[in-house]
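This report refers to the structure that appears directly beneath it.
The values are calculated or read from the model by the stated rules, or taken from the named source; none is laboratory data. In this text the structure is predicted, and so the values were computed from the model without any measurement. So basically every Cβ, Gly included, is an ideal-geometry build from the backbone, and we count neighbours across all protein chains shown. These area figures cover heavy atoms from the full protein model, side chains too; ligands, DNA and RNA do not enter into them. Shrake-Rupley method; radii C 1.70, N 1.55, O 1.52, S 1.80 Å.
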Amino acid sequence: MVVDSNETALIEQIDRWVEPMNWRPDYTTWREKRIWQERYQAERLALIERFGGELANTRILEISCGMGGTLVALAQAGAQPVATEFNRDYCQISKHRAARYDLNVPILNAVGEAVPFADNSFDLAICWDIVEHVQDPAAMLAELRRVIRPGGRVLLTIINRWAWRDPHYHIRGINWLPRSMADRLVATRLKTKQAMGLQDRQRLSDMHYYTMNQFRDLAQQYGFKVADMEALDIQHGSKRRAQGLKGKLRDLAYRLGLGLPAYYFYRDWVKGTYELVLW
């Protein structure tokens with residue numbers, strides 16, 4: 001039996017990062033999805049194409065590509081992606097993932113505040129789950145403005161300052177507390193078995209969360225217009241998937257003709273992550 005050294009290296013490197021999460025009841029399935037991350041990108045690719053344009057032959061910059069699932073899926077879809085990633089281990093994982101399909105995808109170890117590319121190099125940039133972690137979001141926006149060609153777009157996510165359930169620590173109501181109190185609560189939770197593997201996370205007070213107006217004002221300083229992807233979907237008669245009480249309340253709002261106002265209320269005071277398009 002021939003052992004694929006690239007595949008072995010990929011799985012070993014991923015396991016070093018995911019093993020501390022083995023307390024999860026669904027750990028086996030969750031781990032498998034990390035190993036084959038590129039197979040689970042259909043919904044994200046559809047979102048990128050819907051708001052960023054056709055993928056084929058499009059020059060795409062992914063800032064902070066993580067373990068490379070979206071990056072490799074973009075290359076498989078015919079795009080011309082390039083990535084930066086601050087975590088050196090993630091760079092190696094992404095390179096092994098690309099090599100799984102004999103793809104030559106450039107992956108550079110760099111930060112979002114200093115993108116090592118020339119002006120007007122890309123048609124589209126995608127930045128998922130990274131703005132809250134960088135040292136200087138304003139510097140990152142300046143770099144995005146520089147490397148995106150005129151008429152190009154940026155797709156990114158922002159964490160809501162008033163998110164009811166924090167997207168990183170999964171604690172309800174924590175963003176409504178003073179940051180010093182919130183940090184103490186997080187530190188207490190990190191002592192529990194369920195928090196194993198989260199010790200390298202930033203403190204909540206060190207991350208960059210925004211209200212929609214705050215981020216819109218910041219982006220406008222760098223010449224960007226900002227739109228909310230989900231709001232655009234609602235305006236065009238499309239509904240995102242929602243289950244349980246959230247789905248029932250959403251459907252009621254639609255029946256009353258209040259779909260968009262209800263979404264804006266939910267977005268501002270409950271929603272965890274904004275999906276935005278900049279141009």
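Quick notes on this one:
- Residues in the range 34-51 that are open to solvent by 50 Å² or more (accessible area, probe 1.4 Å) and within 14 Å of residue 72 (Cβ to Cβ): 34, 36, 39, 40, 42, 44.
- Top-ranked residue in the range 98-117 [being in a loop (DSSP other than H, G, I, E, B) and small (Gly, Ala, Ser); ranked as most open to solvent (accessible area, probe 1.4 Å)]: 114
- Total residues in the range 118-156, condition part of a strand (DSSP E or B), open to solvent by 10 Å² or more (accessible area, probe 1.4 Å) and touching a Ser or Thr at 6+ places or on another chain (Cβ under 7 Å): 1
- Restricting the range 52-65 to residues that are in contact (Cβ under 8 Å) with a residue 60 or more places away in the chain and closer than 24 Å to residue 139 by Cα leaves a set whose member that is most open to solvent (accessible area, probe 1.4 Å) is 59.
- Only listed residue being modelled with pLDDT of 85 or more and within 30 Å of residue 142 (Cβ to Cβ), chosen from 204, 185, 258: 204
Residues checked against (1) touching an Asp or Glu at 6+ places or on another chain (Cβ under 6 Å); (2) modelled with pLDDT under 95; (3) assigned to a helix (DSSP H, G or I):
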position: 18; (1), (2), (3): no, yes, yes
position: 34; (1), (2), (3): no, no, yes
position: 65; (1), (2), (3): yes, no, no
position: 74; (1), (2), (3): no, no, yes
position: 95; (1), (2), (3): no, no, yes
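- Residue check for residue 250: crowded, with 17+ Cβ neighbours inside 10 Å, at pLDDT below 85 and not hydrophobic (A, V, I, L, M, F, W, C): yes
- Residue list for the range 139-161, restricted to those being within 18 Å of the chain's Cα centre (by Cα) and in contact (Cβ under 8 Å) with a residue 60 or more places away in the chain: 140, 141, 144, 153, 154, 155, 156, 157, 158, 159, 160
- Selection status of residue 23, farther than 30 Å from residue 227 by Cα, open to solvent by 40 Å² or more (accessible area, probe 1.4 Å) and in contact with a helix residue (DSSP H, G or I) (Cβ under 8 Å, 6 or more places away or on another chain): yes
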